[in-house]
Each structure stands twice: as C-alpha cells, then as structure tokens.
Amino acid sequence: MPGPLGQALQAVSRAISARTTLPILNNILVSATDQGLVLTATNLEIGIRKLVPAEISEEGSTTVPARLLTDFVSTLPDQELSLDLDASTQTLGLRCARFDTHIKCIEAEEFPPSPRPDEGDRLEVPLEEMLRAVEQTQMAASTDEARPVLTGVLFQIQGANLTLAATDGHRLAVRKLTASRADDIEASLIVPARALGELGRALKGEGSQLEIIISKARNQVFFRAGSAEVNSRLIDGNYPNYSQVVPTKSSTVVSASTTDMIQTVRAVSLFAKDSANVIRIKTGNGGLVLSATTNEVGDSQAELDAGLEGTDIQIAFNARYVLDALNVLEADKVELLFNGPLSPGLIRPPGEEDYVYVIMPVRVAM
Amino acid sequence: MTIRALPPAVADAIAAGEVVERPASVVKELVENSLDAGATRVGVEIRGAGKTLIRIVDDGAGIPSAELRLAFQRHATSKLQNLSDLEAIGTLGFRGEALASIAAVSDLEATTSGRRLHLRAGALLEEGAAGPAPGLVIEVRDLFANTPARLRFLKSDATETAACLAAVQRYALLYPTVRFRVIVEGRTSLSTDGHDPLASVYGEAVSREMLAVDHLNVTGTVSPPKLSRGTRDAMLLAVNRRPIASRTLAFALEECYRGALERGRYPVAVLNVEISPEAVDVNVHPTKREVKFRDEGAVFAALQRAVRSAIGAGEPARPPEPAAPGPSSERLLRQLEIQEPPPAIDPQLPRPASAGGFLRPVGQVLDGYLVAESPEGMVLIDQHAAHERVLFNRFQSRLEGAPAVSQHLLMAMTVELEPALAAGVADHEAELRSLGFEVEPFGPRAVRILAGPVETPPESLEPAFREVLAGLRARSADDALASLACHSAVRFGDALDLAEQRRLLQEVESLSPDITCPHGRPVRLLLDWQQLKRHFRRNY
C-alpha cells in the first residue's frame, strides 16, 4: 500500500509552498470518500488532488501535516496500511506492519474549500502530448512578477485548436495541438507557468486523456487526468500579440544534430560567463563555428557539422535561451533559421510547423 | 543717547571675542605661538574645562624680556613687519591679536627669558624678574570671568575639555616631531613621543593600518577603507600645517572613498598640503580656520591623486576600481566655477585574481544572503548588493569602452517620456548605446526601446532606462550606472540555485572584501574562524 500512497502524497505536496503564513496550508486534506482516499493540497493559487484507491469503512476527513506524513509513509514497508481518525482529538492513527503511529491533525473544516469546475467549458487533449507541449513552452515564460501576464503560458482555444505560447520578451515558444474532443469555445487563458510545471508530476500515468475545464467565471482552470486533478487560478490581463514576431522569412537555414549542438553550446558557454552568457554562432566551412570569450577566464571555439543553405551569417545569442529550446525539441535534428544578425532567429524540429521557438539575438559591439 | 568711543577695556573684550570664543581657542592660539617659536616640547595643562586654568609650557625661543610688555598689545607681533609679509605668511600666527585678546578676557601670567608679567582683563598688574627658564610659560586663569555673557555660552565642561584636547591633537598630528603632553585635571590625556602621534591619538591598532600619503605636495596618512568613522572628526586637513576647515577638500577626500565606504562613514586622515604661501589666503577669518586658495581646483585634484595612490597601493589589495571620480567631482568643480579639467583617474590597478579569497558556496538564507566559506572564515553576502557591485563595475567598463552587449527585444517597448527627458535621448545616444540600450524616437515624447543590456531583465528595462537617462542628463554617470545595476541585479528574495550562487560568488571573489554596493551598503560580512572559536569556546 504505501507505494501508491507515498507517490500521491509527494505529488500533492508540490502544491505546498515552502513559506506560508497560513499554517493550515502546510497540511494535506485527507478525505475518506466512497471512491477512495482523496488527498488535496493547495497554496491558494495552485491546488493538487489525487485519489488513492482504498477500502473505506467509514467516511471522514482531516488535515495532516504534509511533511511528516509524506516522510513517514515513504519509510514504511510495502504492506497494508490502515488509517483511523479519532475525531474528538483529531488524532490520526496509522498502523502498518510493526508500526503504530499517531499524528496530531487539524480539523478538515479549517482547510480552504477547493474551487469546483461545475459547469465550465471543456476540452480534451491527449495527455502525453499536452505534457510535452507544456514542457516546450513553459520555460520561455518570465519568472519576474513585474509583468504578471508573462509569468504565464497563453492557452488560445478555438474549437479543437489549442495553441500554447510563452515569452519573456527575449524569446518566444509556440506549440500547437489539436483537441480530441472540445466544446465549441473560443477562449484565451493565461495559466501560471508554475502550475503547469506541476502537471507532469501530478498527472503522469493517469490515463491517456487530459481534460481541461475552464470555470464559468473564467478565473480558474482544472486539469484532470484519471483520478488526479491540478487546478490553478488564471492570470488576469491581456497577453501581448506574439504572432507578429514569428519570422516568416529567412536568408539562412542551418540544420544540425540536436545532441551535438547541445553538447557544443554547453561546453562553449562555460566561457561566456562574464558577458552574460553570450555565444557567437558563425556559418562557414560547411558547418557552424560556436565561440565565446570572457576576458578573465579565456575563450573557446568549436566547430559543428551542419547543413547550410542561403547566405553566411554571424550572430550571437544568450546560450541559455538556445539550450532551453534544444533540450525540449525532442527531435534528432534541429533547424535554425536566420534572417540577418539582428533579426529574430527561429529554432524548430526540421520541417515541423507545430513548434517554433524564436530568440532575439544579442548585438556584441566589436 | 550719546555716542562715545568705547573705553579700551570694553573694546578689547569685544575684539577678543572674535579670536577667543572658547577655552579651546586659547589653547589653539597658545600652541600655535609655541610652534611658531620653534618649540620641540609643548605641555598643556587644563583645569575646570579651561575656565580655571590653561597653562602652556614650551621650550621655544620665548619672548625677549624687553619685548614682553609689547607682546600683549593688540596687533603687536614678531611675525609680520609690513603689508607684503601678509601676502606670504609662513607662520601659524600673524595677526598679533592672540596674546592681547586672551589677556583682555582673563587673568594672565607670562614667564619668559627671566621676566614675569601679570595682567588682568588686559591691565598690567605686575611685572618682575623670574627664574631663567627656557621657552615660555603662559598661565591663563579665570577665563571670561569679566565677560559673563561669553561664559554663559560655553558648552558643558566635558565638551569644552574635549575641544581643548582636540585642538592640541590637531597640532600633534601635524607636527609629529614635536612632543606634546596634555594634562587635564591632573591626569595625562595625551602624550606624543616625537615620532608617531597617530598611535597616541587614535591608538596603536589604527596607526598600524594607516596608509602613508606622499605625493608631490600632499603628505600625511589616510585610513584604508575598512577603517572608518561615523563622523568627519577624524578627517584632519591642513595647509602648510595649519588645520583648516574646507568643505571642498573634505569632499575631495570623501570622494576617494566613494563606493568603498558606506554612506555616513568617513575615513581617518591627516593630510597636509604644502603650498606656496602666496597661493593661499589664510587671512579670511580671525581664527584662520578658513582659507582661500588661488586655484582650488588644482589643490582638489592634487589631494585626490595623492589619496587615491595611497589607498590604491595599500596592502592588502584595495578596491580595484578607483571610485569613479569623473562626473561628480566635475560637477563640484563646475559649482566652484573653476575652469579646470576634472582630476584624472589614476590608471586602473590590475585586478587581483581573487582579492577576497576563494568562496565556497554553502547555501542561501532568507532568499537574500549567500552563505559561503572562505579561508578566513564564514562569509555572508548580500546577494543584491554584491550583484549590483559586480554589474556596476561591468557597466562602468562598458561606458569606458568595453564592447557593448545588447539583447534585442522580441517586441519593441514604447516608453513615454517627459519632453525634457525625451530630448536627452539624442544627446546621450552614445552612452546609452555603450551600455546596451538601442532606442529610436517615437514621436516627440516617446521612444521605442529595441534592445537593452544583456543583464537587464526585460521587465526592468523601462524603469532602468528612465533612471539611466535621468542620471546621464544630471551628468552623473555614477547614478546612471548605479540605477542600471540595481535594476539588473538579482533581488533580495530571489531564490538562487547552487549554480547561480556559485556564479555570483565567483564574481564576488574578484572584488575587494571591503567593497560596498554602489549605494555604499556593505556587500559581505565575515565571521572569522577566531570569532567562531571564541564564541563556541573552542580554546584548544
């Protein structure tokens, strides 16, 4: 038993923030329902709910300190675990193998009520594809709270067409996918990137389809797969019109091995520390030359086999932005499209239209 | 009411007020007399905060017995003979007012060259022979007894005593070869040994750390940045070994520590500017504390150059970058209306590879301080202040010609500006560009930012741009750089992962341990191993 319970506890604990001013939010709501054991945690922005199959003899709920319960359960042997609550003292008894343990709890009534989707708009997408799409966009979102809309990922829904987009002002990631089932809706939602970051852990392995439910008030979104759910508040505001910055033409097209390029950028960028991570990319000699220099550290230059089309170019980028894209490309080959040293560069899996990643170059005065 | 000429005693008492306003002025005047007389030993005794007794004993030339009576007449002096001498005053005293003024407001007895003179309120009481002691002894009793108004204006005894002591200290520091001894209420308060007055005044520990200044005509000693005071009291500036009060020179000195000292902290300094007597007018004020330079800008520059070379050459490594003298001193010079180029920046010292020693990351607390281990002990680093300093230096080097690195924006950012500020964009295009900003005009009161410094997060670009522009327009490159660094640095509250911590610490390693952030706040706190051992009583 502790196996699935332990994993579920770890998954929901992710919603608990390290520093909360509300002590009850350090607890997990544990509810024995007719479906099984429901675990819920929230930081009031993101909520995660998991259902663990269990044999319920009497329904009831309480809230248990998350850290203690998770740590304790993870040490237990893989044997039957029984939980019983003494409601008058709010003490949860755990019995498993040789262990007889009691944990002091706080009444379930103190736990903030979770938002419910009720009759929201729904669409359904393949779970794995959605998780990949999230991974491919979420890292481009801003981490700076100064412009809240950019800390989210834009979900544009038009019938069955779903587009995810994220930008921090320096780079942009756009991923398109098709819903397997959708209400006839048009909507633009900005979902906090941090909430999306929890989808993978909370929903992986929970069936093959993901249901996205948008609350009627359009202020909450629910991601449901199998018996698990992640909900998040939505970010209020207008997302910038990103489509205009996706380049439509290019004068140089480069294609290279993704893994070789990752390895090369990583190595060379170690010499790009002082100049804020800037690496230079130059075409020539039937390939690419990547280089970086820091005065006090040294310099590094590496050649990389690549297919070239169009005019030669020399361009510079923040290495981190390049690596972020290469790491989530999920294709053996990468295509880079340039249109001059000061125009946006585009990275994508060769020939694919569903995913584009746009990076603004860096101008390095010589 | 009829107008009458004042009786001499009243007139003298009024005139005395300008020279002798408190016991410390008596001490100052008499010590100056002793020094002008070539004394090598000066003893000062103070009782009752100087109101009861001030006694000065020296081994100087004394006053020839025949001239003793004359010495106490107003404007009688041995130091000046004609008006042209006033142009080139080489002595501390010269006005011929001191002795007469003191005599006018006290009961004074002078003994020199075998003669003794006793005056009260300026009037001769007795004159006679005395023992043939060398030098001069002057005893001033009952100071201000005949001018009760002045007496009432004196501060507390402790304050007046401290002022007397401070007056002697100033000369002790400026005349290191003269032995001074001050006895307050029968106890020795200061005693210099004729070669290291600093140790006597500020203590051995301070004296050991002080850095010698000797550059052209500026000599003395200044503290390294790690030694500082909360007041300007320990900043002693002198011209031809005459202590002076000069806001301009004090500013010049403080500027040298800019960026190395926190705001509100001041160095310890004894600085003497040797200058041809014709180039300075000390006859501005009766107490001679204020002076006028013929060429203040040159003195300003010389002092800064001297101090910079001293703190730059100090051991251990001093702040690698001279604390940007350019714009702010330039501004000051302009205020003074001196058509002088700003003092040149001393050539940058090569940056030591690891001035502050290796820093091993341990972790982060409060999402604001990095904890690290160095060879000296445990180090806490204010992540924002440290990063600000690193970026400030980097931006400064770009402003001085290092290649600009600008990150272009996906979507140009439109920034509305007041017309005055918008007009400044064109004037400062070169500087903005070298910092990494690329902007284009967008109507009369707006610009579009196309690119910004690589280090500046896009969200901070607009406020950073505004402040940089405002700084440049105010001709304060330092302010502009500080704003940019502030907006670009990691913030207090940003959680940094281990890689980010390591990276920041590496950059901090190359900074002097005493360095502050551009606003003057400290960057690091060291808990050295000794301190830790002591605290945990690991005495083995």
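The values are calculated or read from the model by the stated rules, or taken from the named source; none is laboratory data. Note that the coordinates shown come from a computational prediction; the quantities given were computed from them, not determined experimentally. Reconstructed Cβ throughout: ideal geometry from the backbone, glycine too, with neighbour counts over all protein chains shown.
Mind checking which residues of the stretch A:279-313 are over 14 Å from A:Val265 (Cβ atoms) and not in a strand (DSSP E or B)? A:Asn285, A:Gly286, A:Asn295, A:Glu296, A:Val297, A:Thr311, A:Asp312, A:Ile313, listed by residue number.
Of everything in the stretch B:51-70, what is of a type outside the set (Gly, Ala, Ser), over 32 Å from the mean Cα position of the chain (by Cα) and under 18 Å from B:Ala100 (Cα atoms)? Give them in sequence order.
Here is the first cut: in the stretch B:51-70, the residues of a type outside the set (Gly, Ala, Ser) are B:51-59, B:63-64, B:67-70.
Now narrow it down to the ones that are over 32 Å from the mean Cα position of the chain (by Cα): B:52-53, B:59, B:63-64, B:67-70.
Those that are of a type outside the set (Gly, Ala, Ser), over 32 Å from the mean Cα position of the chain (by Cα) and under 18 Å from B:Ala100 (Cα atoms): B:Leu53, B:Ile63, B:Pro64, B:Glu67, B:Leu68, B:Arg69, B:Leu70.
Of the strands (runs of 3 or more DSSP E) entirely within the stretch A:1-113, those holding at least 1 residues that are touching a Lys or Arg at 6+ places or on another chain (Cβ under 8 Å) and among the β-branched types (Val, Ile, Thr) occupy A:36-42, A:46-52, A:91-96, A:99-104. For the stretch B:11-59, filtered to residues that are in a loop (DSSP other than H, G, I, E, B) and surrounded by fewer than 20 Cβ atoms within 10 Å (Cβ to Cβ), the residue that is modelled with the lowest pLDDT is B:Glu21. The residues listed here are A:Arg280, A:Arg266; of these, the one that is within 14 Å of chain B (Cβ to nearest Cβ), within 33 Å of the chain's Cα centre (by Cα) and surrounded by fewer than 16 Cβ atoms within 10 Å (Cβ to Cβ) is A:Arg266.
Of all residues in the stretch B:115-151, those satisfying the criterion of being under 23 Å from B:Asp36 (Cα atoms), aliphatic (A, V, I, L, M) and under 40 Å from the mean Cα position of the chain (by Cα) are B:Leu136, B:Val137, B:Ile138, B:Val140.
Residue selection: A:Glu128 fails the criterion of being surrounded by fewer than 18 Cβ atoms within 10 Å (Cβ to Cβ), within 14 Å of chain B (Cβ to nearest Cβ) and of a type outside the set (Lys, Arg). Restricting the search to strands (runs of 3 or more DSSP E) fully inside the stretch A:144-249 and requiring at least 1 residues that are over 25 Å from B:His487 (Cβ atoms) and among the charged types (D, E, K, R) gives A:171-178, A:186-192, A:209-214, A:220-225, A:228-233.
Of the numbered criteria (1) touching a residue at least 24 places away in the same chain (Cβ under 8 Å); (2) in the same structural domain as B:Tyr369 (by TED's automatic domain parsing), the one B:Leu532 fails is (2). Within the stretch B:246-261, the presence of at least one residue that is surrounded by 23 or more Cβ atoms within 10 Å (Cβ to Cβ), of a type in the set (Phe, Trp, Tyr) and touching a strand residue (DSSP E or B) at 6+ places or on another chain (Cβ under 9 Å) is confirmed. Scanning the stretch B:140-157 for residues that are of a type in the set (Val, Ile, Thr) and at pLDDT 85 or above turns up at least one hit. For A:Thr137, the conditions (1) part of a helix (DSSP H, G or I); (2) among the β-branched types (Val, Ile, Thr); (3) within 14 Å of chain B (Cβ to nearest Cβ) all hold with the exception of (3). From the set of residues in the stretch A:141-166 that are over 15 Å from A:Arg320 (Cβ atoms) and of a type in the set (S, T, N, Q), which is nearest to the other protein chains (Cβ to nearest Cβ)? So the residue we want is A:Thr151. Can you tell me which residue in the stretch A:172-208 is surrounded by the fewest Cβ atoms within 10 Å (Cβ to Cβ), limited to those that are among the polar types (S, T, N, Q) and within 24 Å of A:Pro349 (Cβ to Cβ)? So the residue we want is A:Ser208. Filtering the stretch B:393-425 to residues that are away from chain A (no Cβ under 14 Å) and closer than 30 Å to B:Gly363 by Cβ leaves nothing.
All conditions in (1) assigned by TED's automatic domain parsing to the domain that holds A:Asp305; (2) under 30 Å from A:Ala15 (Cα atoms) hold for A:Gly237, with the sole exception of (1).
Among the numbered conditions (1) at pLDDT below 90; (2) surrounded by fewer than 21 Cβ atoms within 10 Å (Cβ to Cβ); (3) within 12 Å of another protein chain (Cβ to nearest Cβ), the only one that A:Phe271 does not meet is (3).
In the stretch A:322-331, the count of residues that are surrounded by 15 or more Cβ atoms within 10 Å (Cβ to Cβ) and either aromatic (Phe, Trp, Tyr) or within 18 Å of B:Glu438 (Cβ to Cβ) (or both) is zero. Only residues that are touching a residue at least 12 places away in the same chain (Cβ under 8 Å), more than 28 Å from the chain's Cα centre (by Cα) and within 13 Å of A:Leu85 (Cα to Cα) were counted across the stretch A:27-63, and they come to 7.
Within the stretch A:228-249, residues that are away from every other protein chain (no Cβ under 14 Å) have Cβ atoms under 6 Å from residues that are assigned to a loop (DSSP other than H, G, I, E, B) and among the small types (Gly, Ala, Ser) in no pair, counting only partners at least 6 apart in sequence or on another chain. Scanning the stretch B:510-540 for residues that are surrounded by fewer than 18 Cβ atoms within 10 Å (Cβ to Cβ) and of a type in the set (Asp, Glu) gives a single hit, B:Asp528.
Restricting A:Ala146, A:Ala173, A:Ala165 to residues that are closer than 27 Å to A:Thr42 by Cα and in contact (Cβ under 8 Å) with a residue 40 or more places away in the chain narrows the list to A:Ala165.
Hey, could you check the stretch B:222-245 for residues that are basic (Lys, Arg) and either within 20 Å of B:Ala302 (Cβ to Cβ) or over 9 Å from the mean Cα position of the chain (by Cα) (or both) and say which is surrounded by the most Cβ atoms within 10 Å (Cβ to Cβ)?
First, the residues of the stretch B:222-245 that are basic (Lys, Arg): B:226, B:229, B:232, B:241-242.
Applying the additional criterion that residues be either within 20 Å of B:Ala302 (Cβ to Cβ) or over 9 Å from the mean Cα position of the chain (by Cα) (or both) yields B:226, B:229, B:241-242.
Details: B:Lys226: 14, B:Arg229: 18, B:Arg241: 16, B:Arg242: 23.
Among them, the one singled out is B:Arg242.
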